[in-house]
Amino acid sequence: MRIDRANSALLIVGHESTVNRDSSARTPVLYPWLVLIDAALGQKEGALYEGLRAVELLPVEKDARSCPAMIVCLAKIAAWVGDNDLACEQLVRASRLPDGVSYGELKLLPFWDPLRGEPRFEKIVVSLAPK
């Protein structure tokens, strides 16, 4: 029952976000969060394409404050849809940026559960461990 309500809510928000994404006033910082909805709804190809596009729209050179969060968001999308290569690639990138990703986030947050056991992911986690 609870899962049905959650899926219904995601479908509604997903529809609304599609309408909002089509407007010219969309915000690049909000965009990847809307794409997470696509990933949660199982729209793999669309989510990956839109996630990559979001990172393209606002590169680190343009916005060093928002871009790391967008890269981490893309890594989450990739992990959720099973693209471990892209997820780990983006996590390596985010780990090199201020406010990108931390040891605690990777170690504790359930977003990263699909990557647990993946040698590249574990290597990233170890590289961020406190010394």
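Just so you know, all these numbers are worked out from the coordinates, no wet-lab data involved. The model shown is predicted, which means the values in this text are computed figures rather than measured ones.
Can you give me the pair-distance distribution of the range 41-131, C-alpha pairs, 10 Å bins, whole percents?
Histogramming the range 41-131 at 10 Å steps yields 18, 52, 28, 2 percent.
Given the Cα-Cα distance of Glu118 and Glu45 and 0.36 nm per residue of separation, how much length would full extension add, in nm?
Details: separation 73, 0.36 × 73 = 26.28 nm, distance 2.18 nm.
The span from Glu118 to Glu45 would gain 24.1 nm if fully extended.
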